[in-house]
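Here the structure comes first, spelled out in C-alpha cells, and everything after it is commentary.
The values are calculated or read from the model by the stated rules, or taken from the named source; none is laboratory data. What you see is a predicted model; the values in this text were computed from it and never measured. Backbone-built Cβ (ideal geometry, glycine too); neighbour counts: all protein chains shown.
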Ligand code: ZN
Ligand code: ZN
C-alpha cells in the first residue's frame, strides 16, 4: 500500500515517542533492513498473475488483519497477555553432528522455520534466521527464546538457500550477509525478494526468483515454488513481494516446506501434483482467531499434511519467537493430540538432526519447559522491549487504515 501522509505522520510520531538516544538506536540500520522500495520491486514482479493493482494477492480471499472493531481487543491482549507465549524454563538445545556427506533424507531443525534439509545427497537451507531479534529495529521487536544451536559458519556447504517470504522471522539481513561469504549456494526465492537481496549485495548469479508453480533445478534437485496463503512486507509496505511454500524433489525423495501459511485447499492439489512427500515441515505456531486465514493452527497442519500425502511431519514456526498469545508449548501439545494415528510426527530439540528414514522414538521434552503463564511471578517480556514505546507505537498502528 502507498505510504500515506497519515502513516508517515504515525511513523514520525512513534519515532519521537522515546528519548533521542533510544530512537537513534531503534532506527539504526532501518532503511537497509526494510529491503527494496516499492518502485524498485515493481518491474520484476509485474508479469505475475498473482500481481494486480500494484500488489500480490492470495488466490482465496484472505484478510491479513482483523477489522478495526477487533483491534482494540487485540491491543488489550498485546499488553496483558504478551508474556503468555514465553517458556516457563530454559529450552534445551542439541548440538547437531552434521555429516560430511549429506544423507538420503535427514533434517536438522534450528528453531522456528529455520532448518537444514539433507535430501538425496544434497543440502538445502530453509528460511535461515540466526539473528537475536526478528524486527527492523535492534531495540524493539521479538527476541530469541533460545540460543542459536550452531554458528552459521559451522554449517557444511549447502546446495541452495530457500526463502518462503520476506517477513523478519524468515528473511534475515545479517544471516543473508553471512551466507554471502560462508556459502556459495544460490538463494531461491519467491518473486520480488530478489530485489531485497540485490540491495543487500547478493550478486545476480546467486539469485533465482520464481512465481508460484515455477521451478528450478539445483544439482539433482527440483525446487518448485508453490502456493501459500499469507502476506508479505517488512514495514508498512505490504504484499509487494510474493510469499510461497516449496516442494523439494530429488530422484528418490520429496519434501514439502510450508514456510508460513494459513490452511488452503491448494495443499490437496499440490499433494496430487508434486507429492506424496516423505517429509513435510509445516507451521503450527503464532495462530490466533484474528489472523486465522494467514497462520494455520496445529489441527490444520495435520490436515494439510494429509492433503499433501505426507509421511513424516516436522512442526515448525513455534518455540523460538513469541509472536502470538498462546502458551509456549500449546502448539506442539495440540499437534500431538490432533496427530495421534493420523500422522507420524517428529519434534526435535532445536539443533537436533533427525534421520527421517529411521526417526527416533518421540520424546516429550516440551512439557517440562512449560509456559511462563504457569509460573507464580510474571517474567519480563523478552518480546516487547520498551513497554512505553511499544504501547505508543501499537496504538498509532491501530489507528491506521488497512
Ligand atoms: Zn509471515
Ligand atoms: Zn512467520
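Data table
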read-out: One residue from 245, 232 being at pLDDT 95 or above, more than 16 Å from residue 280 (Cβ to Cβ) and within 15 Å of ligand 2 (Cβ to nearest atom); value: 232
read-out: Residue within the range 48-69 that is closer than 30 Å to residue 252 by Cα and surrounded by fewer than 19 Cβ atoms within 10 Å (Cβ to Cβ) present; value: no
read-out: Neighbours by Cβ (under 7 Å, 6+ apart or cross-chain): first from the range 291-313, on the phi > 0 side of the Ramachandran plot; second in a loop (DSSP other than H, G, I, E, B); value: 309/275; 309/276
read-out: Residue satisfying all of: in the range 167-191; assigned to a loop (DSSP other than H, G, I, E, B) and away from ligand 2 (no atom under 16 Å from the Cβ); farthest from residue 97 (Cα to Cα) among these; value: 191
read-out: Complete set of residues in the range 192-205 that are surrounded by 19 or more Cβ atoms within 10 Å (Cβ to Cβ) and either part of a strand (DSSP E or B) or away from ligand 1 (no atom under 16 Å from the Cβ) (or both); value: 194, 195, 197, 202
read-out: Test: residue 257 is within 16 Å of ligand 2 (Cβ to nearest atom), at pLDDT 95 or above and crowded, with 22+ Cβ neighbours inside 10 Å; value: yes
read-out: Condition met for residue 228 (closer than 16 Å to residue 48 by Cβ and either under 18 Å from the mean Cα position of the chain (by Cα) or away from ligand 1 (no atom under 13 Å from the Cβ) (or both)); value: yes
read-out: Meets criteria (out of contact with any helix residue (DSSP H, G or I) (no Cβ under 9 Å at 6 or more places or on another chain) and modelled with pLDDT of 90 or more) for residue 99; value: yes
read-out: Per-region count, the range 125-144, residues touching a helix residue (DSSP H, G or I) at 6+ places or on another chain (Cβ under 9 Å), farther than 20 Å from residue 256 by Cβ and either part of a helix (DSSP H, G or I) or more than 14 Å from ligand 2 (Cβ to nearest atom) (or both); value: 6
read-out: Residue 164 within 16 Å of ligand 1 (Cβ to nearest atom), in contact with a helix residue (DSSP H, G or I) (Cβ under 9 Å, 6 or more places away or on another chain) and either part of a loop (DSSP other than H, G, I, E, B) or farther than 26 Å from residue 255 by Cβ (or both); value: no
read-out: Per-region count, the range 125-145, residues more than 17 Å from residue 324 (Cα to Cα) and more than 16 Å from ligand 1 (Cβ to nearest atom); value: 6
read-out: Cβ-Cβ under 6 Å pairs, at least 6 apart or on other chains, the range 330-346 side farther than 15 Å from residue 279 by Cβ, far side part of a helix (DSSP H, G or I); value: 331/298; 332/366; 334/298; 335/298; 338/298; 338/299; 338/302; 342/302
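Residue-by-condition table, conditions (1) at pLDDT 95 or above; (2) in contact with a helix residue (DSSP H, G or I) (Cβ under 6 Å, 6 or more places away or on another chain); (3) farther than 25 Å from residue 129 by Cα:
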position: 288; (1), (2), (3): no, no, no
position: 303; (1), (2), (3): yes, no, yes
position: 314; (1), (2), (3): yes, no, no
position: 320; (1), (2), (3): yes, no, no
